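Notes for the one structure printed next.
The values are calculated or read from the model by the stated rules, or taken from the named source; none is laboratory data. Because the structure is a prediction, the values reported are computed rather than measured. Note that we place each Cβ from the backbone using ideal geometry, even for glycine, and neighbour counts take in every protein chain shown.
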Amino acid sequence: MISLSNLIKSIHPKTITLFGITPIAIALLSLTATAADPFRTNNPRVMGEQTEAAFRAMFERGHYVEAQKYLKQAEQLGTNEPMVFALQASLAYQAQDWDAMKRYADLTLQTAQSLMVSDPLRGNLYMAVGHFLEGAYIVQTQGTIKGAPQALNKLQTVLRLMNAAEQIDPQDPELNLLKGYMDLFLGLNLPFSDPMAAVERLERYAGPRYLALWGIAIAYRDLDQLDRALTMVNQALEEVPFHPELFYLKAQILASMGRQKNNPQLLDAAYQSFNVALSQPDQLPKLTVAQIFYEQCKTLNNIDSLDRPCHPLRNTIRDTNGLWGPTQLPPL
């Protein structure tokens, strides 16, 4: 039981964003002209202009400030699109605003329930997302031990609802993106699980394509198959070339390769990718900026063998006011 709740607790805030957005996500290859559906070319769903704009801002360009603006507009217009509330819950998670996270998780569940008659596939998917978010909230507010039984129940509900969605259309891109990411993190964190099954699902059926590539790159990174991971992240960057968190992932992969091979060129390339990831820190959540900066600092220490105080420097970013990163980072 505890291992499953630990899984929810240990997932990086980015995973909450990915999972919380239903397809788990991050941007689009090319939206079809109809209906603002980033997942389907066949039978697209109407999700709303503000939802599309928020999705593009967050996942094509990594501009979280702009995404939040569009999400608030959608909410003010009385949207019934559960993705809006799931994304707001994920932003609240990154801000560690647990009351807001719970409120938006509840709204995700409510709006997903309203889809059950007209669109049961997406209704089941977002019901799963809402329960996942509530499980994460329980662990964050009650602690791992106390929250473990409820978190386990939530996770079982998530899996049941996703299986119900799969019975409706097993090849749906949105379903397979969401389920692929969920299976991936289970496979990487729990014994006797198979992360390669998740990779196959993402590769064959998930969409948008770059989001699938992103997940596959994460899988290969965590399986220490770094050459494959680098290939996948480069393919994703061909489709969404301006997302800072993709450059962050690339930097992580290159840094690991450089350390393993004792290769200064790879470490230099990692440092440059970190630079790109941090080129507009004020559009990213500050905790994300702090972590990227910390890993860049450690990589620079590997390059020049100095002993910069990476932890205290990272904490100066964490301690800034507000949700977003600072306009100017500490010097390294």
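Observations
- Residue ID - surrounded by the most Cβ atoms within 10 Å (Cβ to Cβ), chosen from residues in the range 73-101 that are closer than 16 Å to A112 by Cα and free of Cβ contacts under 8 Å to residues at least 24 places away in the same chain: Q88
- Filtered residue count, the range 231-244, keeping only those that are crowded, with 21+ Cβ neighbours inside 10 Å and under 15 Å from V199 (Cα atoms): 3
- Residue in the range 214-221 that is farther than 26 Å from N275 by Cα and not basic (K, R) present: no
- Scanning the range 106-139 for residues that are surrounded by fewer than 19 Cβ atoms within 10 Å (Cβ to Cβ), of a type outside the set (S, T, Y) and not in a helix (DSSP H, G or I) yields M116, V117, D119.
- Filter result for L278 (within 19 Å of I216 (Cβ to Cβ) and hydrophobic (A, V, I, L, M, F, W, C)): no
- Those helices (runs of 4 or more DSSP H) lying entirely in the range 198-282 with at least 1 residues of a type in the set (K, R), without any contact (Cβ under 8 Å) to a residue 40 or more places away in the chain and closer than 19 Å to E295 by Cβ: 209-222, 244-261
- Test: A148 is within 24 Å of F39 (Cβ to Cβ), part of a helix (DSSP H, G or I) and out of contact with any strand residue (DSSP E or B) (no Cβ under 8 Å at 6 or more places or on another chain): no
- Within the range 266-276, one or more residues are surrounded by 13 or more Cβ atoms within 10 Å (Cβ to Cβ), modelled with pLDDT of 95 or more and of a type in the set (V, I, T).
- In the range 113-135, residue farthest from Q171 (Cα to Cα) [restricted to those that are touching a residue at least 12 places away in the same chain (Cβ under 8 Å) and aliphatic (A, V, I, L, M)]: L133
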